[in-house]
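Pasting a structure here, questions to come.
The values are calculated or read from the model by the stated rules, or taken from the named source; none is laboratory data. No experiment lies behind these values; they were computed from the predicted model shown. Note that each Cβ is placed from the backbone with ideal geometry, even for glycine, and that neighbours are counted across all protein chains shown. We work out accessible area using only protein heavy atoms, side chains counted, and drop any ligands, DNA or RNA first. Shrake-Rupley method; radii C 1.70, N 1.55, O 1.52, S 1.80 Å.
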Amino acid sequence: MTSKKKSIQIPKDFILGASASAWQTEGWTGKKEGQDSYMDFWYKSTPELWHNGYGPTLATDFYNRYKEDAKLMKAVGLQNYRTSIDWSRFIKDYETAEVDEDAVEYYGNVIDEIIKNGVEPMICLEHYELPAVLFEKYGGWGSKHVVELFVKYAEKVFEAFGHKVKYWFTFNEPIVVQTRVYLDAIRFPFKQDTKTWAQWNYNKVLATAKVVSVFRKGAYGKEIGAKIGVILNPEVTYPRSSAAHDVKAAEMYDLFFNKSYLDPSVKGEIPKELFDVLRKHDCLFDYNENELKIIKENTVDNLGLNLYFPHRVKARTSGWNPEVPFHPSYYYDMFELQGRKMNPHRGWEIYPKIMYDMAMRIKNEYGNIEWLIAENGMGVEGEYKYKNEEGIIQDDYRIEFISEHLKWLLKAVEEGANCIGYMLWAFTDNVSPQNAFKNRYGLVEINLEDNRNRTIKKSGYWFKEVATNRVLEIEEDEIVYK
């Protein structure tokens, strides 16, 4: 096998940026009593389960170092930077939505500083930062009251920053928290309850529609062409084989984890089959016709999609234990492809074609709605091993990972996919749920042994070059038969 270099032109208006979130970067500085988020609550409840004890306490200290970080955003060539506003920090009284003026000032300064450095901010309203008190008092997103409180909070954010921010998103990965907590019971408070999982999903779909309605009625950011969407993590799902039973297994997985959000967000409808199957297993969420009408009438302007790795499934070969409550895996088993390429640090398959396959799906099944990759990246443990004499991490593996995924994404754009950009996870190394700083994702290193000081990695300099020159150089393999 030989390789040859190929240059791919990146469209002039195609966004190249990077993402993060409030809770994974800010730390607790400036937070007041009663302003814990669900993530803070989880960490305080089981700090021993977080890698090396690190949690969101100081995180990357972005709260104190955002000016330095904004300069680094420019230095690594980011056109856009996506982060979140921490609901638990922004609001003083969650019932009345009275804002915390210190938080308003802080987030205003962050947005201004990013813009001052020539970077476009993208803001998400909830990236797992549900206020802990609402989780304890009302059961979090299981409560319709919490939906109303979220809408009030969103309105306050729009009033404060609607004139400055063009790209808004309601949630990041709205399916994740309840899947880990109530479906798989692997995160605090470790409670298996599939019906609660389904209710959280529905309520977040409803919350997005209600916030979209408020955004449009208020005409926030109309003068700058502001848009509102949601960031989903659809799992590109492949059946083990073309046999009917495996194809059906993949369809069921897709129904529970992908279409349950994609369909209402873009088409305004929750799939009828989802109602049927949840009703059959006595897990149907509480809803009414007026709510379904709100969902129907308030679809999103655009989508952010977080894509990391493929999901491969097959039909179950074992019976379901009748003593175990219903779980979507009643309909499928996971399947590991032989010979797959792996990221051994994260245990994830590397399959860049997911970008193209998802792009074609959005084009063909979802009206070619405007969308962007909101997260894609490679987490690697022990990156300090790859430092050169100057102390710069030589992360060629990350450059290769980004290049391969971008290649497939740009191929889709060439074929008419309405994808407007690629956002890397992440701008800097940051705290991940429970894994803390174990796997590093950033273009910029956060050195925990040196006061969290920042150093641009090789990939950061490379990213700047690609973003500036608008050319992606890739190596194309050619199979030579002898």
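Given axes a ≥ b ≥ c from the Cα gyration tensor, I'd like to know whether the range 243-292 is rounded (a/c under 1.5), prolate (a/b larger than b/c) or oblate.
Note, shape of the range 243-292 comes out oblate.
Quick one: check the C-alpha center-to-center distance for the range 128-181 versus the range 84-99, whole angstrom.
Computed from Cα coordinates, the inter-centre distance equals 10 Å.
In nm, give the distance between the simple-model label positions of K164 and R361, each being 7 Å from the Cα along the Cα-to-Cβ direction.
Spacing of the two 7 Å Cα→Cβ label points: 3.7 nm.
Using R₀ = 45 Å, calculate the FRET efficiency as 1/(1 + (r/R₀)^6) where r is the Cβ-Cβ separation of D93 and N453; round to 0.05.
Numbers: r = 38 Å, r/R0 = 0.83.
According to the calculation, E is roughly 0.75.
What is the log10 of I(q)/I(0) for the range 166-241, computed with the Debye formula using one identical point scatterer on each Cα and no solvent, at q = 0.15, 0.18, 0.20, 0.24 Å⁻¹?
-0.66, -0.81, -0.89, -1.04
Could you state the number of Å between the C-alpha centres of the range 198-212 and the range 453-472?
37 Å
Pairwise over distinct Cα atoms, reciprocal of the mean inverse distance: report the Kirkwood radius of the range 10-141 in Å, one decimal place. Spell out each step's value before the answer.
Details: mean 1/r = 0.0638 Å⁻¹.
Result for the range 10-141 stands at 15.7 Å.
Measuring from label point to label point, each 7 Å out along Cα→Cβ, what is the E475 to E223 span in nm?
Here the modelled spin labels are 5.2 nm apart.
With n ≥ 4 as the cut-off for DSSP H runs, can you work out [θ] at 222 nm for the chain, using -39500 (n - 2.57) per run divided by the number of residues, rounded to the nearest 500? Before the final figure, lay out the partial values.
Values: 14 runs with 168 residues, N = 482.
Value at 222 nm, helices only, nearest 500: -11000 deg cm²/dmol.
Still on this structure, please answer the following. Expressed as a rounded percentage, what relative contact order does the chain have, with Cα pairs under 8 Å and six or more residues apart?
Values: 943 pairs, mean separation 98.9, N = 482.
Dividing the mean separation by the residue count of the chain yields 21 percent.
May I pose another question? Would you mind calculating the relative contact order of the range 180-307 from Cα pairs under 8 angstrom and at least 6 residues apart, reporting the percent as a whole number?
Numbers: 150 pairs, mean separation 43.9, N = 128.
Answer for the range 180-307 is 34 percent.
Okay, moving on. Could you tell me, in Å, what Rg and Dmax come out for the Cα atoms of the range 78-160?
Cα only, the range 78-160: 13.7, 42 Å (Rg, Dmax).
Count the DSSP beta bridges whose two residues both fall in the chain, then state the antiparallel fraction as a percent rounded to the nearest 5. Walk me through the intermediate numbers first.
On the way: 23 of 59 bridges.
So the antiparallel bridges amount to about 40 percent of the total.
Rounded to whole Hz and in sequence order, give me ³J(HN,Hα) for the range 298-314 from the Karplus expression 6.51 cos²θ - 1.76 cosθ + 1.60, θ = phi - 60°, writing x for Gly and Pro.
Calculated HN-Hα couplings, in order: 10, 6, 7, 6, 7, 10, x, 10, 9, 10, 10, 7, x, 10, 10, 10, 9 Hz.
Using a Förster distance of 22 angstrom, determine the FRET efficiency expected from the C-beta separation of E370 and K411, and round it to 0.05.
Values: r = 18 Å, r/R0 = 0.83.
E(calc), rounded to 0.05, equals 0.75.
State the dimensionless ratio Rg/Rh of the range 250-330 (Rg: radius of gyration of Cα atoms; Rh: Kirkwood radius). Don't jump to the answer; show the numbers that get you there.
Working: Rg = 15.0 Å, Rh = 14.7 Å.
When Rh is taken as the Kirkwood radius, the ratio is 1.02.
Given Cα positions, please report Rg to Rh for the range 250-391, the hydrodynamic radius being the Kirkwood one. Before the final figure, lay out the partial values.
Details: Rg = 19.3 Å, Rh = 18.3 Å.
Checking Rg against Rh, the ratio lands at 1.05.
Mind giving me the FRET efficiency for E269 and R216? R0 is 22 Å, r the Cβ-Cβ distance, nearest 0.05 is fine. Mind dumping the intermediate values first?
Numbers: r = 19 Å, r/R0 = 0.87.
According to the calculation, E is roughly 0.70.
If each of I392 and Q338 carries a label point 7 Å out from its Cα toward its Cβ, how far apart are those two points in nm?
4.4 nm
Right, another one. Report, in order of residue number, the helices in the chain meeting two criteria: a C-alpha extent of 30 Å or more along the helix axis, and a mean Kyte-Doolittle hydropathy of at least -0.5; treat each whole DSSP H run as one helix.
Flagged H segments are 194-218.
Follow-up. Using amide H atoms built in the peptide plane, which far-off residues or other-chain residues are under 5 Å from V99 H to H?
Amide H neighbours of V99: K92.
Once Rg/Rh (Cα atoms, Kirkwood Rh) is worked out from the coordinates, which option in (i) 0.98; (ii) 0.95; (iii) 1.06 does it equal?
(ii)
Moving on to the next point. Suppose all protein chains stay in the model; what accessible area per residue would a 1.4 Å probe give for the chain, in Å²? Please list the in-between numbers first.
Values: 19650 Å² over 482 residues.
Accessible surface, normalised per residue, equals 41 Å².
Based only on Cα atoms, what mean projected area does the convex hull of the range 183-339 have, in nm²? Intermediate results must be reported in sequence, preceding the final value.
Numbers: hull surface 47.4 nm².
Across all orientations, the range 183-339 yields a mean hull projection of 11.9 nm².
Roughly speaking, what is the centre-to-centre gap between the range 244-318 and the range 320-363 when only Cα atoms are used, to the nearest Å?
Here the two parts' Cα centres lie 16 Å apart.
Provide, for q = 0.15, 0.17 Å⁻¹, the log10 of I(q)/I(0) from a solvent-free Debye sum over equal Cα point scatterers in the range 98-256.
Listed by q, the Debye log ratios stand at -0.90, -1.06.
Let me ask something else. Evaluate the relative contact order of the range 245-349 (contact order divided by residue number), counting alpha-carbon pairs under 8 angstrom at least 6 apart; express in whole percent. Mind dumping the intermediate values first?
Values: 91 pairs, mean separation 35.7, N = 105.
34 percent.
Another question about this same structure. Please report the Cα spread of the range 364-427 along all three principal axes, rounded to whole Å, starting with the longest.
Rounded to whole Å, the extents work out to 50, 17, 16 Å.
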